[in-house]
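K.L.:
The structure under discussion is supplied below as structure tokens; questions concerning it will follow.
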Amino acid sequence: MPAVTCPRCDRPLTWGTVWAGGVVEGACVSCETPLHGRVFPQVAAPEVAGAESVAPPGAGAAAVCYNHDAKPAVSACDQCGRFLCALCELSVEGRTYCPSCFGRMDSQGRIQTLKHHETRHDSVALAMSVLPLLLWPFTIITAPLTIVYICKYWSTPRQSIQPRLRWRFYLAALFALALCAAWIWLFYFILRRVVRD
């Protein structure tokens, strides 16, 4: 049975308590710190010399899930300490969370490895090469930028749920190179005309 210690003096507790649905009230015998908490059956049974106490229902039985009292607990939340069944436990970054703590920490941005969205760089590159054709003078800027973008994100791991192929990158590169070649030819043509005149 794991030892339950006083948060103030760190000595093992004996509960001078009254049980009501697993909630305990009392004080530390050593330092008389008032205590209030919830103790699960396998953690501690009330043992108080000379004090009358009532054991909670199911004392000595295996712990059950905080959310599903018909399912046995397999772990405890590292944040709040609630016991969790296999359905409720969420393991992230080497720690275990209950659904409510996980949701709260996620909304606060405290779980770094959780991805909410993924940039599809191949689609961005294709859009950068094709959409500026609607206003073709802008392609003088967007075509070289597309090539730089493709070189930068070519090796980015593709971890999308949907399989992503590289054909968008190839098509974007083809459009961008064709536009760059067209601009080079146009400048060359203009320069030749100016030199002739």
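The values are calculated or read from the model by the stated rules, or taken from the named source; none is laboratory data. These numbers come from a predicted model, not from an experiment. Ideal geometry is used to build each Cβ from the backbone, glycine not excepted, and the neighbour counts take in all protein chains shown.
K.L.:
Taking ALA181 and the conditions (1) modelled with pLDDT of 85 or more; (2) not in a helix (DSSP H, G or I), which numbered condition does it fall short on, given that it satisfies the others?
P.N.:
(2)
K.L.:
Condition check: surrounded by 14 or more Cβ atoms within 10 Å (Cβ to Cβ), of a type in the set (Gly, Ala, Ser), farther than 30 Å from GLN112 by Cα and modelled with pLDDT of 60 or more. Does GLY16 satisfy that? Break it down into steps so the answer makes sense when it comes.
P.N.:
On the way: surrounded by 14 or more Cβ atoms within 10 Å (Cβ to Cβ): yes; of a type in the set (Gly, Ala, Ser): yes; farther than 30 Å from GLN112 by Cα: yes; modelled with pLDDT of 60 or more: no.
So GLY16 fails the test.
K.L.:
Among the residues of the range 94-103, are any modelled with pLDDT of 85 or more, touching a helix residue (DSSP H, G or I) at 6+ places or on another chain (Cβ under 8 Å) and surrounded by 11 or more Cβ atoms within 10 Å (Cβ to Cβ)?
P.N.:
There is at least one residue in the range 94-103 that is modelled with pLDDT of 85 or more, touching a helix residue (DSSP H, G or I) at 6+ places or on another chain (Cβ under 8 Å) and surrounded by 11 or more Cβ atoms within 10 Å (Cβ to Cβ).
K.L.:
Mind checking which residues of the range 92-134 are β-branched (Val, Ile, Thr) and within 24 Å of LEU165 (Cβ to Cβ)?
P.N.:
Those that are β-branched (Val, Ile, Thr) and within 24 Å of LEU165 (Cβ to Cβ): THR119, VAL124, VAL130.
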